[in-house]
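The values are calculated or read from the model by the stated rules, or taken from the named source; none is laboratory data. Values in this document were obtained by computation on a predicted structure and should not be read as measured data. Cβ placement follows ideal geometry from the backbone for every residue including glycine, while neighbour counts extend to all protein chains displayed.
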Amino acid sequence: MAAQLSRGGPRAGWKVAFNVAAVQRHFGLDGWLLGALAESCRLPVATPYNIVEGRKIKLEAELALKLGVDVVAGATLDFARAAIAAVVAAIELVDYSLPSGSLSDIVAHSFFHAGFVVGEPRESFVPLGPQEPTVIRNGEVVRGPDAALRIEEPASILLRASQLLERHGQVLRAGEWVLCGSLIDPVSVRPGDAFEIDYGALGKLELSITSPARSADSGA
């Protein structure tokens, strides 16, 4: 993970990984893990994402937390709630063409991380409705939320994250993002796709998918 950050520039924050119970059981884990986010992987809103040939990209709808202060291990739930400066709709892109032979391989590339997009900040968390987030691809609804992945208390994620990081001499820092894990079964993407994800009170995010060759042809 440290090697990945050295290539990707400053750390932007952290991502919850393996938040699916079946995946945790497969790897003999007692809960989810954390991967690092490099600032270079943060995608500008409304900018197309280019898929390089051979990549297996999937889209995940998530919540992102922006931290206003550091959160260290041992913090209380009330402190963690107050530490959240904004709750934001987010998209994570993952690349399943990356090595997956061992857990060490997966950790090294931050659990298939390929990029992330964050929307407009909201000052407080508004629980998502039973149909949110809804993923629309090319005008058609293709995915709804997974009830087993629903987030009721975002601050509790910060508490576990701070405990995991303390073991490795790391701290959740003010200004960092925390992606809270996919709320949906990931959706495969392909060049030409146009996505709109509706997060209810947290707003909507849009993302178009293209390829480097198509971008060059269009003058982008």
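Out of Glu152, Glu92, Glu132, Glu123, one residue alone is buried (at least 19 other Cβ atoms within 10 Å of the Cβ), of a type in the set (D, E, K, R) and either out of contact with any helix residue (DSSP H, G or I) (no Cβ under 7 Å at 6 or more places or on another chain) or closer than 23 Å to Ala36 by Cβ (or both). It is Glu92.
To keep it simple, each residue is scored yes or no on (1) closer than 16 Å to Leu179 by Cβ; (2) free of Cβ contacts under 8 Å to residues at least 60 places away in the same chain.
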residue	(1), (2)
Leu103	no, no
Ala108	no, no
Ser124	no, yes
Gly129	no, no
Ile157	yes, no
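Checking Ser162 against (1) modelled with pLDDT of 95 or more; (2) more than 20 Å from Glu60 (Cβ to Cβ); (3) surrounded by fewer than 14 Cβ atoms within 10 Å (Cβ to Cβ); (4) among the polar types (S, T, N, Q), which test does it fail? Unmet for Ser162, out of (1) modelled with pLDDT of 95 or more; (2) more than 20 Å from Glu60 (Cβ to Cβ); (3) surrounded by fewer than 14 Cβ atoms within 10 Å (Cβ to Cβ); (4) among the polar types (S, T, N, Q): (3).
This table checks each residue for (1) modelled with pLDDT under 95; (2) surrounded by 12 or more Cβ atoms within 10 Å (Cβ to Cβ); (3) touching a helix residue (DSSP H, G or I) at 6+ places or on another chain (Cβ under 9 Å).
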position: Ser40; (1), (2), (3): yes, yes, yes
position: Val45; (1), (2), (3): yes, yes, no
position: Glu62; (1), (2), (3): no, yes, no
position: Lys66; (1), (2), (3): no, yes, no
position: Thr76; (1), (2), (3): no, no, yes
position: Phe112; (1), (2), (3): no, yes, yes
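Tell me, which residue of the stretch 202-220 that is assigned to a loop (DSSP other than H, G, I, E, B) and surrounded by 11 or more Cβ atoms within 10 Å (Cβ to Cβ) is modelled with the highest pLDDT?
Here is the first cut: in the stretch 202-220, the ones assigned to a loop (DSSP other than H, G, I, E, B) are 203, 211, 219-220.
Applying the additional criterion that residues be surrounded by 11 or more Cβ atoms within 10 Å (Cβ to Cβ) yields 203, 211, 220.
Working: Gly203: 93, Ser211: 86, Ala220: 40.
Here the residue is Gly203.
For the stretch 16-34, the condition of being at pLDDT 90 or above, in contact with a Lys or Arg (Cβ under 9 Å, 6 or more places away or on another chain) and under 14 Å from His113 (Cβ atoms) holds for at least one residue. In the stretch 81-95, the residues that are farther than 19 Å from Arg42 by Cα and in contact (Cβ under 8 Å) with a residue 60 or more places away in the chain reach residues that are surrounded by fewer than 22 Cβ atoms within 10 Å (Cβ to Cβ) and of a type in the set (A, V, I, L, M) with C-beta atoms within less than 6 angstrom, at least six apart or across chains, in these pairs: Arg81/Ala155; Ala83/Leu67; Ala83/Val69.
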